[in-house]
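The structure appears below as C-alpha cells.
The values are calculated or read from the model by the stated rules, or taken from the named source; none is laboratory data. Fair warning: this is a prediction, and the values are worked out from it, not measured in the lab. In this analysis, Cβ positions are derived from the backbone assuming ideal geometry, glycine residues included, and neighbour counts consider all displayed protein chains. Surface areas here come from the heavy atoms of the whole protein model, side chains and all, with no ligands, DNA or RNA. Shrake-Rupley method; radii C 1.70, N 1.55, O 1.52, S 1.80 Å.
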Amino acid sequence: MTSFIGASIIAVVLSVVSMITALVIGLPLRLVSALRARWLAHGEITVVGVVVGLGACIVSVVLAGGSGGAALPWWAFFVSWTVLAFSVAHFVWPGRGRPREFRDPRDDDRAA
C-alpha cells in the first residue's frame, strides 16, 4: 500500500505528464491559425470533451473496481483520461456562455 506522501507524488507526476502530453498533442491547435480559429469558434467541443472524458474515467474505475479489475481493459481508462486532459488543457468557453465584453467581435456580428 502506498503512503499518503507517495500517493501525492504519484498524483503530481501523473498530472504533469498528462498536461505535457495534452499540450504536445494539441500543439497544432496553437500553431495552425485555421485550426485555432475553428477551435475557438466551437467551444462546445471542449465542454463535451470534459464531460465525456470525466464520465468515462468514472465508469471505467467503477467497473474495474467492482470485478477485481478484469471488467475493463487498461486502455479504456487511458483513452478517457487522455480525452479529459486534452479538453482541460485546451478549454474554451462556448461563445454563447461568455459575457458580451469577453466575446470576439465576430460573435457580436453573428448575434446582430
Report yes if some residue within region 30-46 is touching a Pro at 6+ places or on another chain (Cβ under 9 Å), in a helix (DSSP H, G or I) and either of a type in the set (S, T, N, Q) or loosely packed, with under 11 Cβ neighbours inside 10 Å (or both); otherwise report no. yes
State which residue pairs qualify: first residue under 14 Å from residue 91 (Cβ atoms) and inside region 32-43, second residue β-branched (Val, Ile, Thr) and surrounded by 13 or more Cβ atoms within 10 Å (Cβ to Cβ) in any location, beta carbons under 6 Å apart, and separation of 6 or more residues or different chains. 40/92; 43/92
Note on residue 29: of the conditions (1) closer than 14 Å to residue 92 by Cβ; (2) of a type in the set (A, V, I, L, M); (3) at pLDDT 90 or above; (4) in contact with a helix residue (DSSP H, G or I) (Cβ under 7 Å, 6 or more places away or on another chain), unmet is (3)
Looking only at region 86-102, decide whether some residue is assigned to a loop (DSSP other than H, G, I, E, B), open to solvent by 60 Å² or more (accessible area, probe 1.4 Å), out of contact with any strand residue (DSSP E or B) (no Cβ under 8 Å at 6 or more places or on another chain) and modelled with pLDDT under 85. yes
Qualifying positions in region 13-26 - touching a helix residue (DSSP H, G or I) at 6+ places or on another chain (Cβ under 7 Å) and either of a type outside the set (Ser, Thr, Tyr) or open to solvent by 70 Å² or more (accessible area, probe 1.4 Å) (or both): 19, 22, 23, 25, 26
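Yes or no, residue by residue, for (1) modelled with pLDDT under 90; (2) open to solvent by 50 Å² or more (accessible area, probe 1.4 Å):
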{"residue": "49", "(1), (2)": "no, no"}
{"residue": "53", "(1), (2)": "no, no"}
{"residue": "60", "(1), (2)": "yes, no"}
{"residue": "67", "(1), (2)": "yes, yes"}
{"residue": "71", "(1), (2)": "yes, yes"}
{"residue": "74", "(1), (2)": "yes, yes"}
{"residue": "78", "(1), (2)": "yes, yes"}
{"residue": "83", "(1), (2)": "no, yes"}
